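Single-structure report; data block below.
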Amino acid sequence: MPTVSESSNGRLIARMENVTLSFGERVVLKDCSLDIVEGAITCIIGLSGAGKSTILRLLDGLLLPNDGHVYVRGEDICHMTEEQRNVVRQKISLSFQFSALLDSLTVGENVALPLREHTRLSEAEIRRAVMDSLDSVGLTQAYDNLPAELSGGMLKRAGFARAIVTRPELVLYDEPTTGLDPIVTNLITDTILRLREKLRGTAVVISHDLPSIFAMADYVAMLFEGAIIAYDTADRIRNSHNPIVAQFLEGSEFGPIPI
Ligand SMILES: Nc1ncnc2c1ncn2[C@@H]1O[C@H](COP(=O)(O)OP(=O)(O)OP(=O)(O)O)[C@@H](O)[C@H]1O
Ligand SMILES: [Mg+2]
């Protein structure tokens, strides 16, 4: 087990410590620890069903662990009141695996939702913030469109626009490029990098797309059998001699990962 914080330099915006989480009988995370370094892009890799989306839901305070701690800016969000947790959650944004826009609302209205829910901005201020957010993802022209009128890549970007409209300090992206062609994948990867610059924030990205991961990650964490079994800078993970990491990155059938 790597000691996570020894591999990372810099301040932590969030940290999972010895987290165990089960759904019924199924233990998804067991004694799982992960550091999220402020201002960095951390990518989480791992097999399908390993529990990657579950980690994002824990970091966002949508799920609580059965055991262990989840810290955001040093505060344990597991032992807060619902109200206190909601205050912390306003600084965090989760961009879902499936972009989850409401079909009956235009893109502009979808992106405006978090502002209507969490702020008291005027209509003019909301429109300005929404336009600014859509501009960040190159989608101002889609303001009046319904989600059904958008391509897969545009839907993803509209989801990002909604995720960043409140200027969160921590953005959690769940499989932002899954199912997209290589050109749109590049565009999305660039968008995540640009958004990090613009927000001066931190991002955690779950992805199966290795070129995209190594184009954007500062740190990579590998989740395997309920725990983070490797965590390091992207370069060191790429050249890792850990047999599990190496097999995963090679996509090989042969090695310690049971198929
Ligand atoms: N709300 C839930 N109730 C019961 N089981 C759940 C729930 N959410 C997730 N699981 C189970 O927990 C495990 C981990 O799920 P999770 O979605 O975190 O995996 P993942 O690594 O994101 O997978 P993928 O790469 O397929 O998206 C899976 O076996 C899943 O079926
Ligand atoms: Mg998932």
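The values are calculated or read from the model by the stated rules, or taken from the named source; none is laboratory data. In this text the structure is predicted, and so the values were computed from the model without any measurement. Cβ placement follows ideal geometry from the backbone for every residue including glycine, while neighbour counts extend to all protein chains displayed.
Restricting the stretch 46-68 to residues that are among the charged types (D, E, K, R) and surrounded by fewer than 21 Cβ atoms within 10 Å (Cβ to Cβ) leaves a set whose member that is nearest to Ile36 (Cα to Cα) is Arg57.
Checked against the criteria, Ser93 counts as touching a residue at least 12 places away in the same chain (Cβ under 8 Å), within 14 Å of the chain's Cα centre (by Cα), under 25 Å from Thr178 (Cβ atoms) and in a strand (DSSP E or B). Taken together, Gly39, Gly24 contain a single residue that is of a type outside the set (Asp, Glu), over 28 Å from Ala161 (Cβ atoms) and out of contact with any Phe, Trp or Tyr (no Cβ under 7 Å at 6 or more places or on another chain), which is Gly24. Any residue that is assigned to a loop (DSSP other than H, G, I, E, B), within 20 Å of Asp232 (Cβ to Cβ) and either modelled with pLDDT under 95 or in contact with a helix residue (DSSP H, G or I) (Cβ under 6 Å, 6 or more places away or on another chain) (or both) - is there at least one of those in the stretch 10-23? Looking for residues that are assigned to a loop (DSSP other than H, G, I, E, B), within 20 Å of Asp232 (Cβ to Cβ) and either modelled with pLDDT under 95 or in contact with a helix residue (DSSP H, G or I) (Cβ under 6 Å, 6 or more places away or on another chain) (or both), one finds at least one in the stretch 10-23, hence yes. Looking only at the stretch 93-101, decide whether some residue is among the aliphatic types (A, V, I, L, M), touching a strand residue (DSSP E or B) at 6+ places or on another chain (Cβ under 6 Å), under 18 Å from Tyr231 (Cβ atoms) and within 15 Å of ligand 1 (Cβ to nearest atom). So far as the stretch 93-101 goes, no, none of its residues is among the aliphatic types (A, V, I, L, M), touching a strand residue (DSSP E or B) at 6+ places or on another chain (Cβ under 6 Å), under 18 Å from Tyr231 (Cβ atoms) and within 15 Å of ligand 1 (Cβ to nearest atom).
In the condition set (1) touching a helix residue (DSSP H, G or I) at 6+ places or on another chain (Cβ under 9 Å); (2) in a strand (DSSP E or B), Cys78 is compliant with all but (2). The condition (being acidic (Asp, Glu), within 16 Å of ligand 2 (Cβ to nearest atom) and out of contact with any Cys (no Cβ under 8 Å at 6 or more places or on another chain)) is satisfied by just one residue among Glu109, Glu175: Glu175.
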